[in-house]
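To start, the structure under review is shown below, and the notes come after it.
No lab work stands behind these numbers, since they all come straight from the coordinates. What you see is a predicted model; the values in this text were computed from it and never measured. No Cβ is skipped: glycine too gets one built from the backbone with ideal geometry, and neighbour counts run over all protein chains shown.
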Amino acid sequence: MHEKKFWIEQEETLAYLRAYPFPIKVLAFDLDGTVLTTEKKVTKETLAVFQQAADAGIACIPVTGRPLQGIPEVIRNLPYIPYIITSNGGKIYKMPEAKEIYADYLPKEKAVAVLHAIADVPVVPDCFINGKGNMPTKAFTLVPKMGMSEAVKAYLLSDTRDFHENIEAFVAATEDGIEKITINFILEEDGSKRFGDLVYEKLKQIPDLSLVVGAIHNYEVSNLTATKGNALDWLLKNMKIAPEHAVAFGDEKNDVTMLEKAGIGVAMGNGVPEAKAVAQCIADTNDSDGVAKIIKNILAF
């Protein structure tokens, strides 16, 4: 694969895309902080460009940390989306029938150990099972205090979740696979996670976990091999498409493996330094149709 570099100035980005030697067959894109705006919306411009890409025979594939039911219907129900990767690579669905074709579950004993380790800390775990989030009832008290946007608070407390008095007992009793656990924190005024270091140290004592950041207010815990990059790699092989023919878009640390796997990794202008460091191109921000602008240039060449 080509040498990893990145360009911030638009003319250099356009020159790179123009000279790229492989036709693009797949667009893999993160949602929060990437396709979705700060208000958790997808713009008409972005949807129009996705349609143009689909019309050109390019597969448009969401790759998100969210569970299936947490994906906005405006994206989940797009008729031209062939697959969706959810839970940071914990699950892949064939669409539109939402048929599960791949899973990399967090072993139940590790999930219970994670929940037990943080039981006395004022954080809100969110356990993804069967495409839906599961939270303790204390979320109704803690989430409004967390310092995140109102759109995120509304999403976390929406009907995309079920709520349980004893989340540890619920997970211990389930016979279904556990896709991921997101741990949500109260944010300090400087943007740091309250009790973030404490939780991190507790979780590092549990072996063979993938522990990444999906947003400023969370840690995301998965099986060690459950990453966006591994899931995208599996799916591309299943589609018989080489990585060189894929473009991936992301903004956070949990997107890094996906940006590294694709032939072209695109980090958002609002992305974290870790994402920008492995990308070939830097897009405009998620609030300025950054993904759509790059895709329009890809279609032009």
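Amide H to amide H under 5 Å from residue 133: which residues, 5+ apart in sequence or cross-chain, H placed 1.01 Å off N in plane?
Close amide H contacts, sequence-distant or interchain: 162.
³J(HN,Hα) across the range 252-263 via Karplus (A = 6.51, B = -1.76, C = 1.60, θ = phi - 60°), whole Hz, x for Gly/Pro?
Residue by residue, the range 252-263 yields 10, 4, 6, 9, 4, 4, 6, 5, 6, 6, 6, x Hz.
Cβ neighbours within 10 Å, averaged per peptide: list 203-212, 90-99 in order, most packed at the top.
90-99, 203-212
Apply the Karplus curve 6.51 cos²θ - 1.76 cosθ + 1.60, θ = phi - 60°, to the phi angles in the range 139-153 and return the couplings in whole Hz, x for Gly and Pro.
Listing the rounded values in order: 4, 5, 8, 7, 4, x, 9, 7, x, 8, 5, 5, 5, 5, 4 Hz.
Using alpha-carbon pairs under 8 Å, 6+ residues apart, how would you state the relative contact order of the chain in percent?
23
Compare the peptides 72-82, 143-153, 31-41 by average per-residue count of other Cβ atoms within 10 angstrom and give them in order, highest first.
Packing order, densest peptide first, comes out as 31-41, 143-153, 72-82.
Which stretch or stretches of the range 169-184 have amide N atoms under 18 Å from the point lying 7 Å from residue 117's Cα along the Cα→Cβ direction?
Under 18 Å, as judged by backbone N against the label point of residue 117, lie 169, 171-172, 178-184 of the range 169-184.
Given the -39500 (n - 2.57) contribution per DSSP H run of 4+ residues, what per-residue ellipticity at 222 nm results for the chain, rounded to the nearest 500 deg cm²/dmol?
Computed mean residue ellipticity for the chain: -8500 deg cm²/dmol.
Please sort by residue number the GluC sites (Glu not before Pro) in the range 156-217 whose DSSP state is loop and whose Cβ has at most 12 other Cβ atoms within 10 Å.
165, 175, 188, 189
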